[in-house]
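Quick notes on the structure that follows.
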Amino acid sequence: MKHIVMTQPLCKEGYEIMEKEGSIFVADNPNPGEYMDEVEKADCIIVRIAHLNREEIERAPRLSVIGRTGVGYDSVDVEAATERGIPIVITPGANGDAVAEHTLAMLFALSNNLVEAHNETLKGNFAIRGSGKAFELHGKTLGILGTGDIGKRVARLAQALCMNVCGYDPEYTKADMMALGIHHCATMEELLSVSDAVTIHTPLNSSTANMIQLEQLRLMKPSSFLINCARGGIVSEEDLAFALENHIIAGAGTDVFSSEPPKKDHIFFRTKNLIVSPHSAAQTKEAVINMAVMCAQGCSAILRGEKWPHIANPKAYDHPRWKR
């Protein structure tokens, strides 16, 4: 009988899969350090919004798999898990449409000045209709930083709107992007300078942390927008707020924060021309079910000793425990 720890509950569809594997403890608490007695006897830990560090992994001698309901895995100590031969299950593609659509929703809201128009209309300022801030996306250029699964989905949606799409991603060649109808930018700086809106779809790692700072924001058009539905640590929050307050760029939308949940006095909550959402891009009904089921299927397979393909750390399978 296996013991499964969930930092937050999975939806019914995912929970029922894991229920067949053994007993389940649902912490509903993003801090595993507060229920270490359960972590220490876990065969499987499924993480949603929580962090799982080296100490917690090392204090779980029976742990054989970690599940992440999403494609990002910066919340888990990958090195510590790999050293123990513990695969980190991720769910690529499960939330792709949801995040891509959320990105476009922010783009529409920014280009149509919807938030300010809504707030001002409620105040009785009907004259806001003549602010002159709204513009059409047809014929404008969308720059995509990171043309992986979600970036490609965003590109297809933007192309359907007759937008020009350009991309920068060191992992993809010019030929790769051309095949998708995406103009290849040789550098991030080139993409920032030519785009009317820039959207970020890269993972958070050592090479992307604080990738967008004031220096990069100054390369963008004064009329342009920045959208971040990836990870908060990719954009310097202080620099973005400064750029918006000083009209270096026209607007921004972010679904993510460097520390979540953000504190009530977060700088973004007093920044003009900024739309925020609570890291909810991947929280559509469909995506939640897709992520939970895919994560549970992967964790169940590994608990049975099978090699699941969708993991963040393939080197975990080089560990001696997988050669037995």
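The values are calculated or read from the model by the stated rules, or taken from the named source; none is laboratory data. Values in this document were obtained by computation on a predicted structure and should not be read as measured data. Don't worry about glycine lacking a Cβ; one is built from the backbone with ideal geometry, like all the others, and counts go over all protein chains shown. In case anyone asks, the SASA skips ligands and DNA or RNA and just uses the protein heavy atoms, side chains included. Shrake-Rupley method; radii C 1.70, N 1.55, O 1.52, S 1.80 Å.
Before moving on, here are some points about what is shown:
- Residues in region 143-281 average 46 Å² of solvent-accessible surface per residue, probe 1.4 Å, ligands and nucleic acids excluded.
- Highest-MSF residue in the chain out of 206, 224, 64 [GNM, Cα springs under 10 Å]: 206
- Radius 15 Å from Cβ of residue 219, net charge of other residues (Lys, Arg +1; Asp, Glu -1): -3
- Most fluctuating residue given options 304, 153, 68, as computed from a GNM of the chain linking Cα atoms under 10 Å: 304
- Listed residues 67, 233, 33, most fluctuating in the chain (Gaussian network, C-alpha, under 10 Å): 33
- Using Cβ point charges alone (K and R +1, D and E -1), the dipole size of region 242-300 about the Cα centre works out to roughly 140 debye.
- Estimated FRET transfer efficiency when R0 is 41 angstrom, pair residue 223-residue 1 (beta carbons, to 0.05): 0.10
- Charge dipole magnitude, Cβ of K and R +1, D and E -1 - the chain, Cα centre, debye nearest 20: 480
- Signed unit charges on C-beta, dipole axis of the chain, positive-most listed residue 117, 52, 173: 173
- Phi-derived couplings, Karplus 6.51 cos²θ - 1.76 cosθ + 1.60 at θ = phi - 60°, listed residue by residue for region 23-30: 7, 10, 10, 9, 7, 6, 8, x Hz, with x used for Gly and Pro.
- Longest stretch of the chain clear of exposed loop sites (GluC sites (Glu not before Pro), DSSP loop, at most 15 other Cβ atoms within 10 Å, sites excluded): 172-305.
- Hypothetical label at residue 269: residues of region 233-251 whose amide nitrogen lies under 19 Å (7 Å Cα-Cβ projection): 233, 237-242, 245
- Charge sum, other residues only, whose C-beta stays under 10 Å from residue 162's C-beta, Lys/Arg counted +1 and Asp/Glu -1: 0
- For region 43-142: rounded, prolate or oblate by the Cα gyration tensor [a/c cutoff 1.5]: prolate
- Placing a label point 7 Å from the Cα of residue 11 along the Cα-to-Cβ direction, the residues of region 39-63 whose backbone N falls under 16 Å from that point are 48-49.
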